[in-house]
Amino acid sequence: MLSSLTGNKGALMLLASQRLKVIHASTHVSLKTTIERTSPERIRDTIRAGYSHLQRIGIKSPRIAVENGHDAEARRGMMLASYCGGICLGPVNTAAGHALAYPLGTRLHLPHGLANAIIFPHVLAFSAPVRPQKTAEVMSALGLEATPDSDQVAKRTHDFCASLGIEMQLSRHGASQDSPAGWAKEAHAIRRLMDNNPRDMSVDDLRNIYAAAF
């Protein structure tokens, strides 16, 4: 989002702890897109940018984990980072929004954050009738007036995302009108996420959400 707002296409994500800093070379995209993006040049540029950033925040001589494949301490640190990342993501119980976002990453090559932003208003509105208090809390956090009207929930949160400069129409990202049918089946099959949703969704419900975002 900050990259889009500032016009900087070279933005990177940094996850930091006291002992270890991890910079993503691919960010949140599908595995297929990660493989397509990975190259020696991209890894090199990510390392250089990360090294420079760490120096700017006061680390005079950052140690680079990939610099020496025989550095056992650095490799242990990377394994620990991977393990901690799994612990953090495993119990968060993300739900239908992420399931709907996955096909958009796979089929349209959209970054995961962008895909979630596009889907967010529609999933929030769908679940609002069974979780009115939590829906109101989400809207309040965004500075929006809460409403029991699901259509207004969708409209207000959609307008909020659009106000950030996010293109909210899937058609503008390369989707075709017949795409939602296949995407709905793919998303519906991701039960580890769909089963967490507070309101059950059918394949038709998912298709309708994609159509609304089209």
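For the criterion of being free of Cβ contacts under 8 Å to residues at least 40 places away in the same chain, within 30 Å of Ala25 (Cβ to Cβ) and buried (at least 21 other Cβ atoms within 10 Å of the Cβ), Ala99 fails. Take the conditions in a helix (DSSP H, G or I) and either at pLDDT 75 or above or not hydroxyl-bearing (Ser, Thr, Tyr) (or both) and apply them to Thr94. Does it pass? Spelling it out, it is not the case that Thr94 is in a helix (DSSP H, G or I) and either at pLDDT 75 or above or not hydroxyl-bearing (Ser, Thr, Tyr) (or both). Restricted to the stretch 36-77, and to residues there that are basic (Lys, Arg) and under 19 Å from Leu15 (Cβ atoms), the residue that is surrounded by the fewest Cβ atoms within 10 Å (Cβ to Cβ) is Arg56.
Residues in the stretch 109-133 that are surrounded by fewer than 17 Cβ atoms within 10 Å (Cβ to Cβ) and either in contact with a helix residue (DSSP H, G or I) (Cβ under 8 Å, 6 or more places away or on another chain) or not in a helix (DSSP H, G or I) (or both): His109, Pro129, Arg131. Determine whether Phe160 is part of a helix (DSSP H, G or I), within 15 Å of Pro198 (Cα to Cα) and touching a residue at least 12 places away in the same chain (Cβ under 8 Å). Criteria not met by Phe160. Looking across the stretch 18-40, the residues that are in contact (Cβ under 8 Å) with a residue 12 or more places away in the chain and of a type in the set (Gly, Ala, Ser) come down to Ala25, Ser26, Ser30. For the stretch 148-157, the criterion of being in the same structural domain as Asp204 (by TED's automatic domain parsing) and not in a helix (DSSP H, G or I) is met by at least one residue.
Restricting the stretch 134-147 to residues that are of a type outside the set (Lys, Arg) and not in a loop (DSSP other than H, G, I, E, B) leaves a set whose member that is surrounded by the most Cβ atoms within 10 Å (Cβ to Cβ) is Thr135.
Evaluation of Ala81 against the conditions (1) farther than 19 Å from Leu12 by Cα; (2) hydrophobic (A, V, I, L, M, F, W, C); (3) touching a Ser or Thr at 6+ places or on another chain (Cβ under 9 Å) shows that the sole unmet condition is (1).
Within the stretch 180-214, the set of residues being among the aliphatic types (A, V, I, L, M) and either free of Cβ contacts under 8 Å to residues at least 60 places away in the same chain or loosely packed, with under 13 Cβ neighbours inside 10 Å (or both) comprises Ala181, Ala184, Ala189, Val203, Ala211. Within the stretch 169-179, the residues that satisfy the criterion of being buried (at least 19 other Cβ atoms within 10 Å of the Cβ) and closer than 14 Å to Ala115 by Cα are Leu170, Ala175.
Candidates Ile43, Ile64: the one that is in a helix (DSSP H, G or I), without any contact (Cβ under 8 Å) to a residue 24 or more places away in the chain and outside the structural domain of Gly113 (by TED's automatic domain parsing) is Ile43. Each residue in the stretch 122-148 was checked for being within 16 Å of Asn208 (Cβ to Cβ) and either small (Gly, Ala, Ser) or without any contact (Cβ under 8 Å) to a residue 60 or more places away in the chain (or both), and 4 of them qualify.
The values are calculated or read from the model by the stated rules, or taken from the named source; none is laboratory data. Treat the numbers as computed from the prediction; the structure is a model and nothing was measured. Cβ: placed from backbone, ideal geometry, glycine included. Neighbour counts: every protein chain shown.
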